[in-house]
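The block underneath contains the structure these notes are about, expressed in structure tokens.
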Amino acid sequence: MSISEELFERACRVIPGGVNSPVRAFRRLERAPFFVKQASGAHLTDEDDKQYIDYVGTWGPAILGHAPECVISAVQAAVPQGLGYGIPTRVEVDMAETVCRWIPSIEKVRMTNSGTEATMSAVRLARGYTGRKYIIKFAGCYHGHVDSLLVAAGSGALTHCEPDSAGVPAEFANLTIVLPYNDHAAVERAFAQHPGEIAGIIVEPFPGNAGFYLPRPGYLEFLREITARNGALLIFDEVMTGFRISPAGVQGKLGITPDLTTLGKIIGGGLPVGAFGGRREIMDCVSPLGAVYQAGTLSGNPVAMAAGLAQLNYLEQHDSYAYLEQLGARLEEGVRRILRDEQLPLTFIRDGSMFCLHFTTQEVYNLDTAMSGNFDMFRRYFLSMLEQGIYVAPSPYETGFLSTAHTEADVDATLAAMQRALRAAK
Ligand SMILES: *Cc1c(COP(=O)(O)O)cnc(C)c1O
């Protein structure tokens, strides 16, 4: 038995499923997860000393790779000053100014400890600001494990659908209207059916939690227009895409101005941080200025702020997005060549450093099409990649991430492994 397998046995006795977040358990893959001992740059080493090139990147935060020098030294400098006080600190102001400078739609921002807290607070704020109760979300978009947003967060596309989780009463979910992504008419119908009652739309502008796919041209602009016309707020959940697709996320790339934005992942530099922000008059409804209560004992933690700021500063100073695009283009070109060579017309989608190989030949543009893939083929592909020392997400419904620590040699080695894995998986 490997050391990872032993640890997993111990873990399963004292942690539900042996993990602190479900996708880590590799359950549908019918093997134990590996346990990481150490990580640096684009590489992970497991407890059995096997090395992997990592394309999960902590599920998004590790845009500079693991343990980047700039973040480690910022944390080391912050730690001796104290680990947190629950009293305002300079670094929180630096962080807020940086976020507002990078993302112009954000005039004021509040820090949280996770993406989930950020989306939960943004939805509460949208309801509090508008005095309305309904929220529109899209099937397949994941906004963390917030009660009212755990509806079609990766399965079943229904209107007013059942919650995805036990413990979420249907009455909570009833205030969430779930619509298919990339469908204009569905949104128009929802606004027609609930005039003056929809507080806002929350959307992953580039959805990355049911695989990765893109909005049709004009779709996000349409969401901007229809929310504005109906006095509802547009919330971009950029927890995954913020500081990733461009310095200002998807909104920066497409030039769309949402009312509220949620952030997470990259903003913490690997430590637990989230944030929500937006137009000043909306943010001023948050306590203590306004009536929408929101708080956090550890929010704006100085060590976490130092880590996140160091990561953002590095990204800004090093032409990182040009490098990520170049590396992404190299990966994409290689994958498309392999798919042609192997006569596997699978769907591959990439933007910048985010990518997904869908195990389907259909065009993927919403949850239903993302779910049309062949899981068994994915499973064979994943296990072969892992065996060859390449760690891609252990689910076909996740996004792959490149980091600035990946080299062209890493990508080329990955492509060679991918060709073998796809040939074997056919
Ligand atoms: C990861 C993610 C969240 C939740 O963030 P946590 O930090 O895991 O709570 C919310 N929205 C999106 C788009 C995400 O990708």
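Answer with one residue from L422, T407, H358: the one whose Cα lies farthest towards the positive end of the charge dipole of region 313-426, charges on Cβ with Lys, Arg +1 and Asp, Glu -1.
Of the options given, the answer is L422.
Take every DSSP beta bridge with both residues inside the chain and express the antiparallel ones as a percent of the total, to the nearest 5.
Working: 24 of 42 bridges.
Counting DSSP beta bridges with both partners in the chain, the antiparallel share is about 55 percent.
Which order do T257, T404, T119 fall in if you start with the one that has the fewest other Cβ atoms within 10 Å?
T257, T404, T119
For the chain, what does the helix formula give at 222 nm: sum of -39500 (n - 2.57) over DSSP H segments with n ≥ 4, over the residue count, nearest 500 deg cm²/dmol?
-11500 deg cm²/dmol
What is the order of E342, E238, fewest Cβ neighbours within 10 Å to most?
E342, E238
Cross-link candidates for K253: which lysines have Cα within less than 30 Å, leaving aside residues fewer than 8 places away along the same chain?
Partners found: K108, K137, K265.
Please rank D351, D376, D54, fewest neighbouring Cβ atoms within 10 Å first, as an exposure proxy.
So the ranking, lowest neighbour count to highest, is D376, D351, D54.
Below 11 angstrom from the Cβ of K37, what's the summed charge of the other residues (Lys, Arg +1; Asp, Glu -1)? Before the final figure, lay out the partial values.
Numbers: positive: K50; negative: D46, E47, D48, D49.
Net charge in that neighbourhood comes out at -3.
Compare the Cα positions of Q317, A304, L289 along the charge dipole of region 260-326 (+1 at Cβ of Lys, Arg; -1 at Cβ of Asp, Glu; about the Cα centre) and return the one farthest towards the positive end.
Result: L289, furthest along the dipole toward the positive end.
By average Cβ neighbour count within 10 Å, what is the ranking of 186-192, 416-422 from highest down?
So the peptides 186-192, 416-422, ranked by packing, come out 416-422, 186-192.
Tell me the net charge near R330. Cut-off is 13 Å between Cβ atoms, R330 excluded, with +1 for each Lys or Arg and -1 for each Asp or Glu.
Cβ neighbours under 13 Å give a net charge of -3.
Quote the Stokes-Einstein diffusion coefficient, in whole µm² s⁻¹, for region 335-426, based on the Kirkwood radius over alpha carbon pairs, a temperature of 37 °C and a viscosity of 0.692 mPa s.
243
From the backbone phi of region 343-354, what are the Karplus-calculated ³J(HN,Hα) couplings (6.51 cos²θ - 1.76 cosθ + 1.60, θ = phi - 60°) in whole Hz, Gly and Pro given as x?
Whole-Hz 3J(HN,Hα) from phi for region 343-354: 6, 10, x, 6, 8, 10, 10, 9, 9, x, 9, 10.
Tell me, what ³J(HN,Hα) does each residue in region 213-222 have, in order and in whole Hz, if you take phi through Karplus 6.51 cos²θ - 1.76 cosθ + 1.60 with θ = phi - 60° and put x for Gly and Pro?
8, 10, x, 5, x, x, 5, 5, 4, 4
Rg (Å, one decimal) plus Dmax (Å, integer) for the alpha carbons of the chain?
21.2, 61
Treating only the Cβ atoms of Lys and Arg (+1) and Asp and Glu (-1) as charged, compute the dipole magnitude of the chain about its Cα centre; round to the nearest 20 debye.
The calculation lands at about 480 debye.
Please give me the summed charge of the neighbours of A306: other residues whose Cβ is under 11 Å from its Cβ, Lys and Arg +1, Asp and Glu -1.
In short, -1.
Based on Cβ point charges of +1 for Lys and Arg and -1 for Asp and Glu, what charge dipole magnitude is obtained for region 312-356 about its Cα centre, in debye rounded to the nearest 20?
Charge dipole, region 312-356, about its Cα centre: 200 debye, nearest 20.
Could you derive backbone 3J(HN,Hα) for region 200-205 from the dihedral phi with the Karplus parameters 6.51, -1.76 and 1.60 (θ = phi - 60°), listing whole Hz in sequence and x where the residue is Gly or Pro?
x, 10, 10, 8, 7, x
Which order do the peptides 141-151, 83-93, 25-35 take when ranked by the mean count of other beta-carbon atoms within 10 Å per residue, highest first?
141-151, 25-35, 83-93
How much of the DSSP bridge set in region 200-357 is antiparallel, in percent, rounded to the nearest 5?
45
Throughout, read-outs are computed from the coordinates displayed, never taken from laboratory work. Quick caveat: nothing in here was measured; it's all calculated off a predicted structure. As a convention, Cβ positions derive from the backbone with ideal geometry for all residues, glycine included, and neighbour counts pool all protein chains shown.
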